[in-house]
Amino acid sequence: MAEIVGGFIMPHDPLLFVNPKKKERDHLIGAYSEIRDKVSKSGATKAIIFGADHYILFGPRCLPQFLIPTGELHGPIDRLPGVGDSPIASDPGFAEYLVGHAHQSGFDVSVARDLGVDHAIGVPAQLALPADGSVKTVPVYMASGVAPYVRLQRAYDFGRMIGDAIAKMPVDESVVLIGSGGISHWVGTGEMGRINSEFDRKVLDCIVSGDATPLLSMTDEEIMREGGNGGMEIRHFLAVMGALPAGRGEVLAYEAWDGGVTGLGFAEILPA
Amino acid sequence: MSFGAVEQLFYDVSTKRNSRAAFREDATAFAEKYALSELERDMVLSMNAEGLFEYGINPMLLMGFWTSVNGPQSMPDYLSRVPTLTSQLETVSE
């Protein structure tokens, strides 16, 4: 029987890798390594990474609410210093199982038969999972970067559905879940560069307590005001929380890093 | 209103090398391939970041278009022109 052995949240801020202001960042890059060690020690065989497209993969002619790639993977296609566009170990059978379970459960997810992922998936896949390909990845793209946005409750429920899918797998697998996203950040707006630590702490407090209610009760307008358009990515955290209900968390690192534009939070969520 | 055509043009310029080169070489001719209104064409060709933002173009895409055309070193110029998200939210809620 398959089980979820852990959940994580982590950022994918490109500026952390470009580092245009040449700021100290080793401790933040090190947080990815810390998570990679935890994933290795967990015995994980599969990873599901929830992320958003940044208007890089999906254009105005087709904007999926949920999309699961079911073929080979590589990325990030938007190469970053230290994070090249490399193959990502995939598992088409597992991906297709998740798609099938989603469709049976009321989530009509889209699929991509072949996909180069962007940094939302590529950064955690390349930096937080073992480099030997022993952990096979299935990405889940959610509409968190381009409107119409997935509803917060729907993101949480999607995570619950994923948890159910894993529990019903007839084979022994150990799965880790990753919610990829910055906390507060404004992308392409006049506020860009602002980081709202208060909002970030509120989000992290929910992850630590295992209580998603305060996040689910927020409106999109509140998130936009307090966390920016980039803050909409908390949907990915909610998906992990939905799959690990009442799972309490621990913050591994947090910083309103002045080398970038994003509240950078790294946390672990343990199954209840 | 052909809002989607504006975003498609921006998406093409941001993600496709050939489109980026074509826009840089002759923006007017490139824009002719898209069903833009006169107002939209004017905003695109004049790189009117403020107007395009207020028109509702996704800011992430707008920023990507701007830097694709003007280079990443032009970000301070872009940010000096583009309105705040807060101002847009206040306009919507009025």
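We did not get these values from a lab; they are worked out from the coordinates using the rules stated. On a predicted model such as this, the values are computed, not experimentally measured, just so you know. As a convention, Cβ positions derive from the backbone with ideal geometry for all residues, glycine included, and neighbour counts pool all protein chains shown.
How large is log10 of I(q)/I(0) for chain A at q = 0.08, 0.14, 0.16 Å⁻¹ when the intensity is taken from the Debye formula with one equal scatterer per alpha-carbon? Rounded to two decimals, the profile gives -0.27, -0.90, -1.23.
Here A:SER40 and A:ASP108 are evaluated by their C-beta separation; at R0 = 41 Å the FRET efficiency comes out at 0.70.
What share of Cα pairs, in percent, lie more than 19 angstrom apart in chain B?
Numbers: 1611 of 4371 pairs.
Value for chain B: 37 percent of Cα pairs lie more than 19 Å apart.
The stretch between B:LYS16 and B:THR28, if pulled fully straight at 0.36 nm per residue, gains 2.6 nm over its current Cα-Cα span.
The ranking of A:VAL175, A:VAL99 from fewest to most other beta carbons within 10 Å of each one's beta carbon is A:VAL99, A:VAL175.
Placing dummy labels 7 Å off each Cα toward the beta-carbon, the span from B:SER37 to B:SER80 is 3.0 nm.
Shielding by partners for B:61-73, please: the mean number of other protein chain Cβ atoms within 10 Å of each residue's Cβ.
Values: counts 9, 4, 5, 5, 2, 1, 1, 0, 0, 0, 0, 2, 0.
The per-residue average across the peptide is 2.
Panel order for B:SER46, B:SER2, by other beta carbons found within 10 Å of each beta carbon, from fewest to most: B:SER46, B:SER2.
Residues A:ASP132, A:ASP85, arranged from fewest to most other Cβ atoms within 10 angstrom of their Cβ, appear as A:ASP132, A:ASP85. Label sites at A:VAL251 and A:ILE29, each approximated as a point 7 angstrom past Cα along Cα to Cβ, lie 2.4 nm apart.
For chain A, the number of Lys pairs with C-alpha atoms closer than 23 Å, counting only pairs eight or more positions apart or on separate chains, is 6. In this structure the amide hydrogen of A:VAL111, modeled in the peptide plane, comes within under 5 Å of the amide hydrogens of A:ILE68, none closer than 5 places in sequence on its chain.
Across peptide B:3-9, what mean number of C-beta atoms from other chains lies inside 10 Å of a residue's C-beta? Before the final figure, lay out each step's value.
Numbers: counts 1, 3, 1, 1, 6, 3, 1.
If you average over the peptide's residues, the count of other-chain Cβ atoms is 2.
What fraction of the Cα pairs in the stretch A:66-209, stated in percent, has a spacing above 26 angstrom? Don't skip to the end; give the middle numbers.
Values: 3140 of 10296 pairs.
That fraction is 30 percent.
Using Cα springs under 10 Å in a Gaussian network model of chain A, which residue among A:GLY133, A:GLY106, A:GLY71 shows the largest mean-square fluctuation? Maximum among the listed residues: A:GLY106. Rounded to the nearest 20, the size of the Cβ-charge dipole of chain A about its Cα centre is 120 debye, with Lys and Arg at +1 and Asp and Glu at -1. Label sites at A:ALA147 and B:SER87, each approximated as a point 7 angstrom past Cα along Cα to Cβ, lie 1.8 nm apart. Using only side-chain charges placed at the Cβ, +1 for Lys and Arg and -1 for Asp and Glu, the dipole size of the stretch B:3-93 relative to its Cα centre rounds to 380 debye.
When the convex hull of the C-alpha atoms of the stretch A:164-272 is computed, what volume per residue in Å³ does it have? Don't jump to the answer; show the numbers that get you there.
On the way: hull volume 11.6 nm³, N = 109.
Each residue corresponds to 106 Å³ of Cα convex hull volume.
Counting only other chains, and only Cβ atoms inside 10 Å, what mean value do you get across the residues of A:213-225?
Taking the mean over all residues of the peptide, I get 1.
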